[in-house]
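Please read the structure below before turning to the comments.
The values are calculated or read from the model by the stated rules, or taken from the named source; none is laboratory data. Being a predicted model, the structure only gives us computed values, none of them experimental. Cβ placement follows ideal geometry from the backbone for every residue including glycine, while neighbour counts extend to all protein chains displayed.
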């Protein structure tokens, strides 16, 4: 029986491009062959942004249970309480709670299986921090919402694009903190979560994973740093004992060379920029962020709020479109 439940999309930062892109994708839904989705946001705000963009189609408040039925005729908005002004490019603290409510309600409807998967529009974290949000971003916030349902304490962030899958072990932390935050246990937990996801969600029978080094030239036998020998290599040994095929540590400046990366189903890097610079260089407008280790499917576009483009209709929809397609694909497995 085909999967017919729709996707849930959280609104993201209302002053950013997330709402614009959702509206544009809905306008092109038939042309692009997109699956049904609903956006969690105040109805009046979405209607005003559509008017600003010159998009003319029905936009109505729809209960989550009926989003799929309504999708062909109207953009379904699972409406939230709270006044949100249509002020593109100007984030204001007053919207923070509505943004958080959007994530919470969309997540709850996916977890209860009313909706099939979650696609999150970009948030403006500094605005949310002013409202008491204490998380590094969506990834660890959703992991906390899942509670015991997550297989990783903070969730695992994977970027997919340009034929690559990359995972940073440490994510949104200052670079100076990476060496002491990077532990053998964190690497092992991250790789176990990745291995399981590659098998279960990406249907790869025998995943091949590469680990980069932390230091230049992967430490060069300890002359440029000890973490490769004291932290990363013990993780590789432990993973091999689990039957997980992991190779490394590979110098990060060569791990992404085409003739090397083609040998692996995913590359695990030690910190944020080490993983994201290669994939954003090759697939900036196309890459998708996937959270692994959750009991739900969650994807997002690999870009930020792009405040300068909000309300103009000029923002690229490619990454968001790919996020919708990947959420659709992964939630059918």
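Annotations for the structure displayed:
- Test: residue in segment 146-166 that is within 27 Å of residue 259 (Cβ to Cβ), out of contact with any strand residue (DSSP E or B) (no Cβ under 8 Å at 6 or more places or on another chain) and either in a helix (DSSP H, G or I) or outside the structural domain of residue 39 (by TED's automatic domain parsing) (or both): yes
- Among the residues of segment 2-33, the one identified as out of contact with any strand residue (DSSP E or B) (no Cβ under 8 Å at 6 or more places or on another chain) and at positive phi is 33.
- The residues on offer are 243, 225, and the sole one that is without any contact (Cβ under 8 Å) to a residue 60 or more places away in the chain, assigned to a loop (DSSP other than H, G, I, E, B) and buried (at least 17 other Cβ atoms within 10 Å of the Cβ) is 225.
- Scanning segment 281-333 for residues that are closer than 23 Å to residue 113 by Cα and in a helix (DSSP H, G or I) yields 320, 321, 322, 323, 324, 325, 326, 327, 328, 329, 330.
- Residue within segment 96-103 that is assigned to a loop (DSSP other than H, G, I, E, B) and assigned by TED's automatic domain parsing to the domain that holds residue 9 present: no
- The residues on offer are 23, 55, 75, 32, and the sole one that is farther than 21 Å from residue 310 by Cα, in the same structural domain as residue 304 (by TED's automatic domain parsing) and in contact with a helix residue (DSSP H, G or I) (Cβ under 9 Å, 6 or more places away or on another chain) is 32.
- Matching entry among 211, 198 (being at pLDDT 95 or above, within 23 Å of residue 325 (Cα to Cα) and surrounded by 14 or more Cβ atoms within 10 Å (Cβ to Cβ)): 198
- Matching option when the condition is touching a helix residue (DSSP H, G or I) at 6+ places or on another chain (Cβ under 6 Å), at negative phi and either assigned to a helix (DSSP H, G or I) or in the same structural domain as residue 235 (by TED's automatic domain parsing) (or both), among 188, 178: 188
- Hits in segment 1-31 - residues which are part of a helix (DSSP H, G or I) and within 21 Å of the chain's Cα centre (by Cα): 18, 19, 20, 21, 22, 23, 24, 25, 26
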